[in-house]
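Visitor: Sharing a structure below in structure tokens format, with a few things to ask.
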Amino acid sequence: MATQEKLEEPQMEQNTVQIQQEEEPSKTVTEKAMETVNAKDEVNKGESKEQDEHKTKDIVVIEEKKMVDEENAASPSGIQKISSFREESNLLSDLKEYEKKALSELRSKIEEAILKNEIFKEKKQQEKETSSTKDEDKDQKEKSAAADKKADDSEKEEQPKQLEGESEGGTASNEGKEEETPAQANTEQKEIAAIGSKKDLTDKKVEKEEEIPERGEEAKETTKQEAVAEQNIDKDIALWGVPLLPSKGDIRTDTVLLKLLRAREFKVTDAFEMLINILKWRKENKIDSILGEDIEADLGPMAYMEGNDRNGHPLCFNIFAVFGHDELYGKTFEEKREKYLRRRIQLMEKGIQKLDFKPGGASAILHINDLKNTPLPTKKELRNATKKGVELLQDNYPEFVAKNIFINVPFWYYPYSALFSPSLSQRTKNKFVYARQAKVTDTLLKYIAASQIPVQYGGLKRENDSEFSVEDDAKEAIVKAGSHETIEIPAPEAGNTLIWDLTVSGWEVNYKEEFVPTDEGSYTIIVQKGRRITWQDGTIRNSFTNKEPGKIVITIENGAFKKKRILYRYKTKTSSSL
């Protein structure tokens, strides 16, 4: 009997060529190569350049062999049953205590910065304003102190003059009178001094009363400026369409803040600085309006968004063969490079539009990087462009990669990628997955349904397909080692057209198609002669219109020592619908 079990989502535990395990990180080919090269440099400083080059090649071969052995040992079929990977939870209840604390601190920091209108102020400007405010306060205090001192000095100078004037006046007016005794003179001087002091106090009070209206005007002006500043505060400031002001209460805000925190290992100050830098970069480069730009598309199909993985993450395909075009290295390379980077940013923004920032939703993109026909990184321009692109995305789009899968990886790529390894965070490295050419389909099937994988990668998805859609998922059958399996497609009525898709993970099997009539007296019709198919043959699609009731029988023989997985789907078109 034919096996027609509904395709179940693979139970994903870890990728056979994944850089590091999800739970217990192990060192990758890239990291091992880098560490070995570093160790070699320390130990063999005195060796010749030729010896170093031979040893580096040996490292690559050894690491590649280890990777292949790990892949083959993964499971009897070479396909691991790994559980569907999940993004780190954005639910508050799932966070650790130190993560909750960091999130709370970042919320407060952002709230304060927005309400004080300090988001887009340069750090030096803020320090200057703070210093200026302190200087103004200091000047005001000094002026006030000087004024008080001057008033005191005036008071002291005025008292002797008044006493002297009174004394002289007293002498002139008292001419002809009896001479006063010393006791009487002393009493009069005290009374005069008291009157003068009282007068000075009255004058000072008047001066202060005159100053009150002036200071009141200053207070009014300050209040007015504060009111204007409050009106200019942008409380609607957002990032990727998500409000950043925590007090707005948008449930998506924490998801964005957690991206920043995770990218900076939950260091609040670093995460806040990253946010400020992202906002300034977006403002300076007009990123919020980039979706409406018509960027010249003369670099070929270098990248595109299409489909989703098993967990709803959008798929982004990056085709690196475009870097092999000679025209990129002409006089206009710098111009083309900038266009390439801007177009890549535009594509990233389009992908983000498809994300759900709500807790539990898909808030990252799964990247598939096709390295087939990628040119050797011997040209400085290519290295610089690649490095700049990686840094740009890492600095301005934190934690937007669910997985970074590299397929059709050439042998030389591992030591080359080791050059970039030190600049990447451990969290980023953990998301890297590598697949050699023969393992592309197996690797992608761990994360993506067959109906979402393009046919050039061994999946069932065809461009502008008029027969099947991504909703027409595949069924699964297993052909054991050294045996064969048959798949039957029923055709109970005559005059119908049967259409089917089929792919085999691992390929290297014998394959044939037949139509077997229900009437035992009729002859079996060969639809496809028996032949050996390999991964180069890709996905098989065929059709057959039956003239009598019967069934299509597909036979797959597996002569290998490992079992193979068959993914297939079919549909019947009745004569009335043709």
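Visitor: Starting at the first residue of segment 434-441, write each ³J(HN,Hα) from the Karplus equation 6.51 cos²θ - 1.76 cosθ + 1.60 with θ = phi - 60°, in whole Hz, x for Gly and Pro.
Guide: Whole-Hz 3J(HN,Hα) from phi for segment 434-441: 10, 9, 5, 4, 6, 10, 4, 4.
Visitor: For the ranges 256-268, 457-469, 373-385, what's the packing order if you count other beta-carbon atoms within 10 Å of each residue, average per peptide, and put the highest first?
Guide: Result, highest mean Cβ count within 10 Å first: 256-268, 457-469, 373-385.
Visitor: Take peptides 350-357, 449-456 and line them up by average Cβ neighbours within 10 Å, highest first, as a rough protection proxy.
Guide: Highest to lowest by the protection proxy: 449-456, 350-357.
Visitor: A further question follows. In segment 495-549, which chymotrypsin sites (Phe, Trp or Tyr not before Pro) are in a loop and have at most 16 other Cβ atoms within 10 Å, using DSSP for the loop call?
Guide: Tyr523
Visitor: Still on this model: What distance in nm lies between label points placed 7 Å from Cα along the C-beta direction at Ile251 and Asn464?
Guide: 4.2 nm
Visitor: Please go through the residue pairs Lys280/Lys388; Lys121/Lys280; Lys339/Lys429 and name each one whose alpha carbons sit more than 20 Å apart in this structure.
Guide: From Lys280/Lys388; Lys121/Lys280; Lys339/Lys429, over 20 Å: Lys339/Lys429.
Visitor: Here is a follow-up. If I model a spin label as a point 7 Å beyond the Cα along the Cα-Cβ vector, how far apart are those points for Ile499 and Ile233 in nm?
Guide: Between Ile499 and Ile233, the label points sit 6.0 nm apart.
Visitor: Amide H of Leu239 versus every other amide H placed in the peptide plane: which residues, excluding those fewer than 5 positions away on the same chain, fall under 5 Å?
Guide: Leu244
Visitor: Right, next: Which ³J(HN,Hα) values in Hz, rounded to whole numbers, follow from the phi angles of segment 398-411 under the Karplus curve 6.51 cos²θ - 1.76 cosθ + 1.60, where θ = phi - 60° and Gly and Pro get x?
Guide: x, 6, 9, 10, 6, 8, 10, 9, 9, 10, 6, 6, x, 4
Visitor: May I ask you to order 275-285, 245-255 by the average number of other C-beta atoms within 10 Å around their residues, highest value first?
Guide: 245-255, 275-285
Visitor: Also, quick follow-up: So, in nm, how far is label Ser89 from label His484 when the simple model puts each one 7 Å beyond its Cα toward the Cβ?
Guide: 5.1 nm
Values in this text are rule-based calculations from the coordinates and carry no lab data. On a predicted model such as this, the values are computed, not experimentally measured, just so you know. Counting neighbours? That spans all protein chains shown, and the Cβs are built from the backbone with ideal geometry, glycine included.
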